[in-house]
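Trainee: This is the structure, below, for whatever I ask next.
The values are calculated or read from the model by the stated rules, or taken from the named source; none is laboratory data. Every value quoted in this text rests on a predicted model; they were computed, and no experiment measured them. Please note: Cβ atoms are built from the backbone with ideal geometry, for glycine as well, and neighbour counts cover all protein chains shown. Surface areas here come from the heavy atoms of the whole protein model, side chains and all, with no ligands, DNA or RNA. Shrake-Rupley method; radii C 1.70, N 1.55, O 1.52, S 1.80 Å.
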Amino acid sequence: MITKLFQLLDENRAAPREIRAEASGDAVSIYLNGVISADWGIGLSQIAEAWPADPAAPVNLYINSPGGDVFEARAMAAVIARHVGPVTSIIDGVAASAATYLALAARTVRMSQGSMLMIHNSWALAMGDKAEMTKTAALLDKIDTTIAADYLRKTGATAEQVTAWMDAETWFTADEALAEKFIDAIDANTQASASAQWNLSAYDNAPKPETKPDPPIDELIAAQVQRLSNRLRLLDNRFSAPPHRTAA
C-alpha cells in the first residue's frame, strides 16, 4: 500500500512545513510541522539541526504531522530518545502514523485538546513473484512488531489490543489517548483540529473536515433577489439624477 504513502506525501507537498527552535526560559521549544520525509517534508537532518547542542537542555517538542516515512521517523525518534535532558512532546493538531514514533520517544507526552493521534499497520510496495511478495509481507510483519512494541511499552495494553488498534487504523481523541495511556496529560486552551491543514484522504478512517451546511434554497433565492434589487436601484438613481452643471 505504498501508493497510499505516495498519495499522502503528494497531497501534502504544498502544505506549510517548518521546523524551528526557540528559547523558552531554560528550555528549548522545537516546532515540527510537516510530513515526515527526507525529500518532501521534515527529516532527520532538519530535526538534528534544530536540536539543542546542550545534551542536558530541557526540550518541548510540538508536533503537528500527518505521518510519512517509517524509517526516517525512526531515525528522528532516536535523536529524541538519546537526549539526556527531559523531553516533553506536545501533539498540536495531529500525530498520525509515523509521527507517533516522535511523540512517544519523549519522556513525557502531552496532547492539546482537539488534537488526534492515529496508529495503523505499516505500508509497503512489492513487485515480483510470490517469493518477493512473501518477503515483503515478512518485512512488514517485522516493522509492525517494532511499532507495536513502542505502543505496548507506553500504554501497558495487551499485544492483542494493540494489534487490533493497528489493524483497524484507530484515531484517538485527546481524552481517548489519555484513557489508553498513549499520553500523560492533556493541554487545554487550544482550537487544534486534526483535519486542519493536512489532507488525510490517504487514510481510510481519517476524520472528515468540518463543512457548513448549505443554506435553505429560499434563503439563496431571497439573497439573489436582494442583490438584483440593489443593482436596479443603483441604475435607477444613476439615470434619473439631473445632469451635472458647472458655473461659467
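Trainee: Can you give me the long-range amide H partners of Ala38? Hydrogens built in the peptide plane at 1.01 Å from N, cutoff under 5 Å, separation of 5 or more residues or another chain.
Mentor: For Ala38, whose amide H was placed from the backbone, there are no distant partners under 5 Å.
Trainee: So what's the gap between the Cα centers of segment 137-164 and segment 48-113, to the nearest angstrom?
Mentor: Spelled out, the Cα-based centre of one part sits 19 Å from the other.
Trainee: Multiply the residue gap between Ala56 and Thr108 by 0.36 nm, knock off their C-alpha separation, and tell me the result in nm, one decimal place. Before the final figure, lay out each step's value.
Mentor: Details: separation 52, 0.36 × 52 = 18.72 nm, distance 1.55 nm.
Computed gain between Ala56 and Thr108 is 17.2 nm.
Trainee: Excluding ligands and nucleic acids, what accessible area in Å² is computed for Leu228 using a 1.4 Å probe, to the nearest 10?
Mentor: So the heavy atoms of Leu228 present about 80 Å² to solvent.
Trainee: Average projected area of the Cα convex hull of segment 93-169, in nm²?
Mentor: Seen from a random direction, the Cα hull of segment 93-169 projects 5.9 nm² on average.
Trainee: Moving on to the next point. Could you pull the accessible area for Thr145 with a 1.4 Å probe, rounded to 10 Å²?
Mentor: Counting only protein heavy atoms, Thr145 exposes about 80 Å² to solvent.
Trainee: Let me ask another. When the label point is put 7 Å from the Cα of Glu18 along its Cα-to-beta-carbon vector, which residues of segment 76-94 have a backbone N closer than 16 Å?
Mentor: What the label zone holds, given the 16 Å backbone N cut-off, is 92-93.
Trainee: Run down the aspartates and glutamates and flag those whose C-alpha is under 20 Å from the C-alpha of Lys130, throwing out any fewer than 8 positions away in its chain.
Mentor: The qualifying aspartates and glutamates are Asp141.
Trainee: Okay, next question. Given C-alpha coordinates of segment 50-209, what is the ratio Rg to Rh with the Kirkwood estimate of Rh? Intermediate results must be reported in sequence, preceding the final value.
Mentor: On the way: Rg = 16.1 Å, Rh = 16.3 Å.
When Rh is taken as the Kirkwood radius, the ratio is 0.98.
Trainee: If you don't mind, another one. Per residue of segment 131-145, what does 6.51 cos²θ - 1.76 cosθ + 1.60 with θ = phi - 60° give for ³J(HN,Hα)? Whole Hz please, x for Gly and Pro, Karplus curve as stated.
Mentor: Couplings: 5, 5, 5, 5, 4, 5, 4, 5, 5, 4, 4, 5, 4, 4, 5 Hz.
Trainee: Which length gain, in nm to one decimal place, applies between Lys142 and Arg227 when the Cα-Cα distance is subtracted from 0.36 nm times their residue separation? It would help to have the intermediate numbers written out before the result.
Mentor: Numbers: separation 85, 0.36 × 85 = 30.60 nm, distance 6.37 nm.
Net length gain for the segment: 24.2 nm.
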